[in-house]
Amino acid sequence: MKILYINGFKTDDRVSSTYLFLKDKVKDLINYDCNYYNFNLDDVKKLVDEERPDIIIANSTGALIAEEFDIPKILIDPVVDKKDLEKLFNLDFSKFPNNKKGNIRKVILGKNDEVLDYKKILKYYKNDDIILVNDSHSLKNKDVIIDELNKMEQYLNGFTFIFD
């Protein structure tokens with residue numbers, strides 16, 4: 001299975017601890033290293049069309065992009081309100097999609113998120129599979145991602161990934 005990873009704001013494939021963790025654990029990982037200052041949704045659509053990922057994993061701001069696609073997804077401390085970002089980073093997020101496509105979605109929320117209000121995210125995703133963890137926005141215990149990825153993969157295909 002192909003997994004597409006979309007980073008959050010102010011991270012990239014060199015510093016994203018989630019990407020570095022997944023790179024060592026997931027056999028067929030595709031990275032979309034989003035530059036939020038020069039974002040172009042068409043670039044992501046082209047990558048998705050070419051690579052045809054089976055699952056998307058997205059962190060924080062990356063969830064805004066992941067939600068544009070009708071592909072099963074795992075969202076980690078997802079941003080649900082672009083106004084929160086504009087306040088935090090003084091950046092215009094109006095060009096980002098505000099859709100919620102697809103119905104297979106797992107949402108991992110850190111109850112100790114120091115960046116976003118997890119209760120606001122809980123309300124937004126109230127009809128989805130929510131995994132609450134005692135963790136921060138950067139999700140220090142990333143094993144929960146692998147656990148949920150395995151569960152999703154089992155649900156989609158009836159067998160599990162082989163991880164190191």
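The values are calculated or read from the model by the stated rules, or taken from the named source; none is laboratory data. Computed from a predicted structure; not experimentally measured. FYI the Cβ positions are ideal-geometry reconstructions off the backbone, even for glycines, and counts take in every protein chain you see.
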>> Where the second residue is among the hydroxyl-bearing types (Ser, Thr, Tyr) and modelled with pLDDT of 85 or more and the first is on the phi < 0 side of the Ramachandran plot and lies in the stretch 98-119, which pairs have Cβ atoms under 7 Å and are six or more apart or on separate chains?
In response: Val107/Tyr125; Leu109/Tyr118; Gly110/Tyr118; Lys111/Tyr118
>> I'd like the full set of residues that are surrounded by fewer than 16 Cβ atoms within 10 Å (Cβ to Cβ) and either modelled with pLDDT of 90 or more or within 17 Å of the chain's Cα centre (by Cα) (or both), limited to the stretch 28-38.
In response: Asp28, Asp33, Asn35
> Which of (1) of a type in the set (A, V, I, L, M); (2) modelled with pLDDT of 90 or more; (3) surrounded by fewer than 16 Cβ atoms within 10 Å (Cβ to Cβ) does Leu41 not meet, given it meets every other one?
Replying inline: (2)
>> Taking the criterion of being within 22 Å of Ile71 (Cα to Cα), more than 16 Å from the chain's Cα centre (by Cα), basic (Lys, Arg) and modelled with pLDDT of 80 or more, would at least one residue in the stretch 1-12 satisfy it?
In response: no
>> Of the conditions (1) modelled with pLDDT under 90; (2) exposed (fewer than 12 other Cβ atoms within 10 Å of the Cβ), Asp70 satisfies every one except a single condition; which number is it?
In response: (1)
> Leu22 fails exactly one of the following numbered conditions: (1) touching a strand residue (DSSP E or B) at 6+ places or on another chain (Cβ under 6 Å); (2) in a helix (DSSP H, G or I); (3) at pLDDT below 85. What is the number of that condition?
Replying inline: (3)
> Just a yes or no: is a residue in the stretch 47-56 within 13 Å of the chain's Cα centre (by Cα) and of a type outside the set (Asp, Glu)?
Replying inline: yes
>> Filter the stretch 27-47 down to the residues that are assigned to a helix (DSSP H, G or I), under 15 Å from Phe69 (Cα atoms) and either in contact with a strand residue (DSSP E or B) (Cβ under 7 Å, 6 or more places away or on another chain) or not hydrophobic (A, V, I, L, M, F, W, C) (or both) and list them by number.
In response: Asp42, Asp43, Val44, Lys45, Lys46, Leu47
>> Looking only at the stretch 107-131, count every residue that is aliphatic (A, V, I, L, M) and more than 15 Å from the chain's Cα centre (by Cα) and tell me the total.
In response: 2
